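The values are calculated or read from the model by the stated rules, or taken from the named source; none is laboratory data. Since the model is a prediction, treat every value here as computed from it, not as a measurement. With ideal geometry, Cβ positions are generated from the backbone for all residues, glycine too; neighbour counts draw on all protein chains shown.
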Amino acid sequence: MSNKQITLHKKHLDLGAKMVPFAGYEMPLRYSSDIGEHLAVRQAVGIFDVSHMGEFIIEGKGALELIQYVSSNDASGLAVGQAQYACLPNENEGIVDDLIIYRLKPDQYMLVVNASNIRKDWEWINRHNSFGAKMADISDKITLLAIQGPRATELMQEITSIDLESMKFYTFGRGKVGDITDGAIFSATGYTGAGGIELFLYNEYADAVWDLIFEKGKHYGIKPIGLGARDTLRLEMGYCLYGNDIDDTTSPIEAGLGWITKFTKEFINGENLKKQKEEGTERKLAGFVMEERGIPRAGYDILNENQEIIGRVTSGSMSPSMGIGIGMGYVKSAFKSPGTTIYISVRNRMLRAKIVKFPIYKG
């Protein structure tokens, strides 16, 4: 089966993007260099096309009840214009997906899910919809652009009358993008830790909006950014990537996502997760920095000083911001404390590393 093309596919080719298959789509991996694109986001502003992500509308009677039951977080306190990070627990202490929940209207919500899990999430939520909520998958109609970096909000303020500068993290507003489209969603969210805006709009406006952002972004030094830099940016922050750091076999408590797991309500597998939180887990997701020269990679063993395996790397790379190898992985809980010395098995060598508190890159 061939991969889908996102609406701005030709724009990316014209910019010289290397396109790769990712989660069923052809996506830009990089335009120039991963390090250059990474640093552009940390230092100025970059734009990502992340239109492969999925969007579901859940609305009407029973919408909140359904979301409360399938989600780990408590959406009952969300006001219109607020969003929250959450996960969908499965029945075996694992995670179906992680997602963001937006409250669009009093009885209307948008769920933004990972591209690789669109069908799985849809079927999971639909299976548990005994609440009469209306569901619509609008993923193929939406273009999602992430404009990220310390100058991103300033740039985006030039093309909308919404007050983006005073918009708090995890809130959003709806309005015009220049003179092109009304009703676009400007969200103070992102996957980079560098600040900025995520912009949701219908596909028919994507070309014109992309061009407008680039035109206005020239004097901000805007660059298009691919999936390569997106991965190193999120890793520096310690943000989980579904399929690497969290999946159907990892619990939100193990993954350090207890803060989005609220036991003030009933939800799928809530009782067992509460027990985990109270009793602790055998392993925990932790971040680390290399103290010897070497690059950790997913799948590498994590060892103690006696060369005993105590865990496994789930994500690892050279950090463009720090110039050293960094990573995250699950370790036995006794080794999770910041400052603990661990060793990474890199090509049959034991390289010393140190557990650090998230975010790995302090900025």
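Of these, Leu111, Leu99, Leu145, which one is crowded, with 21+ Cβ neighbours inside 10 Å and assigned by TED's automatic domain parsing to the domain that holds Glu204? Spell out how you get there, then give the answer.
Values: Leu111 fails: assigned by TED's automatic domain parsing to the domain that holds Glu204; Leu99 fails: assigned by TED's automatic domain parsing to the domain that holds Glu204.
Of Leu111, Leu99, Leu145, the one residue that is crowded, with 21+ Cβ neighbours inside 10 Å and assigned by TED's automatic domain parsing to the domain that holds Glu204 is Leu145.
Tell me which strands (runs of 3 or more DSSP E) are completely within region 258-354 and hold 2 or more residues being of a type in the set (D, E, K, R) and modelled with pLDDT of 95 or more, or say none if there are none.
On the way: elements: 283-290, 301-303, 309-318, 325-332, 341-346.
Output list reads 283-290.
Identify, from the list Ser2, Ser76, Ser71, the residue that is at pLDDT below 95 and among the small types (Gly, Ala, Ser). Break it down stepwise before answering.
Details: Ser76 fails: at pLDDT below 95; Ser71 fails: at pLDDT below 95.
It is Ser2.
Could you grab me the full set of residues in region 128-169 that are in a helix (DSSP H, G or I) and either without any contact (Cβ under 8 Å) to a residue 40 or more places away in the chain or not basic (Lys, Arg) (or both)?
Ser139, Asp140, Ala152, Thr153, Glu154, Leu155, Met156, Gln157
Just to be sure, is Asn117 touching a residue at least 40 places away in the same chain (Cβ under 8 Å), in contact with a helix residue (DSSP H, G or I) (Cβ under 7 Å, 6 or more places away or on another chain) and outside any strand (DSSP E or B)?
On the way: touching a residue at least 40 places away in the same chain (Cβ under 8 Å): yes; in contact with a helix residue (DSSP H, G or I) (Cβ under 7 Å, 6 or more places away or on another chain): no; outside any strand (DSSP E or B): yes.
Criteria not met by Asn117.
Taking into account only those residues within region 206-252 that are of a type outside the set (D, E, K, R) and free of Cβ contacts under 8 Å to residues at least 60 places away in the same chain, which is surrounded by the fewest Cβ atoms within 10 Å (Cβ to Cβ)? So that I can check it myself, show each step before the final result.
Applying the first criterion (of a type outside the set (D, E, K, R)) to region 206-252 yields 206, 208-210, 212-214, 217, 219-222, 224-229, 232-233, 235, 237-244, 246, 249-252.
Narrowing further to those that are free of Cβ contacts under 8 Å to residues at least 60 places away in the same chain: 208, 212, 219, 239.
On the way: Ala208: 15, Leu212: 17, His219: 10, Tyr239: 20.
My answer is His219.
Given Lys265, Lys354, Lys275, Lys362, which one is in contact with a helix residue (DSSP H, G or I) (Cβ under 6 Å, 6 or more places away or on another chain), charged (D, E, K, R), surrounded by fewer than 19 Cβ atoms within 10 Å (Cβ to Cβ) and outside the structural domain of Ala229 (by TED's automatic domain parsing)?
Working: Lys354 fails: in contact with a helix residue (DSSP H, G or I) (Cβ under 6 Å, 6 or more places away or on another chain); Lys275 fails: in contact with a helix residue (DSSP H, G or I) (Cβ under 6 Å, 6 or more places away or on another chain); Lys362 fails: in contact with a helix residue (DSSP H, G or I) (Cβ under 6 Å, 6 or more places away or on another chain).
Every option except Lys265 fails the conditions.
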